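Engineer: Take a look at the following structure, please.
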Amino acid sequence: MDGKGVGGGAKGGGSDGGKVGGVGVQSGGDNSSKGSGSDAGKMVAPGTGGASQISRDSFESNPKGYFSALHANEKANEKGNK
């Protein structure tokens, strides 16, 4: 992971190492090889506009935690941009 996922900043890697709600988030990547190679078990991270990928298993085990952290990060960014 390159730490550029949603977590701690406006799509910037925060002190959480690129995790949202305990789900590792990875930016970029080519989605053309879904289901094989390094993209196996990955999905586009919800709320990132396709810019990040996350582990499907991790997301499905705790989707509420993912969205809770995602919205908390968005609110923190709004306060920082005012």
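The values are calculated or read from the model by the stated rules, or taken from the named source; none is laboratory data. In this text the structure is predicted, and so the values were computed from the model without any measurement. Methodologically, a virtual Cβ is constructed for each residue, glycine included, from the backbone with ideal geometry; neighbour enumeration extends over all protein chains shown.
Engineer: Answer yes or no: is there a residue in the stretch 17-26 that is surrounded by 12 or more Cβ atoms within 10 Å (Cβ to Cβ), at pLDDT 95 or above, among the β-branched types (Val, Ile, Thr) and part of a strand (DSSP E or B).
Structural biologist: No: the stretch 17-26 contains no residue that is surrounded by 12 or more Cβ atoms within 10 Å (Cβ to Cβ), at pLDDT 95 or above, among the β-branched types (Val, Ile, Thr) and part of a strand (DSSP E or B).
Engineer: What about Ser68, is it surrounded by 11 or more Cβ atoms within 10 Å (Cβ to Cβ) and modelled with pLDDT of 90 or more?
Structural biologist: yes
Engineer: Got at least one residue in the stretch 47-55 being among the aliphatic types (A, V, I, L, M), in a helix (DSSP H, G or I) and modelled with pLDDT under 95?
Structural biologist: no
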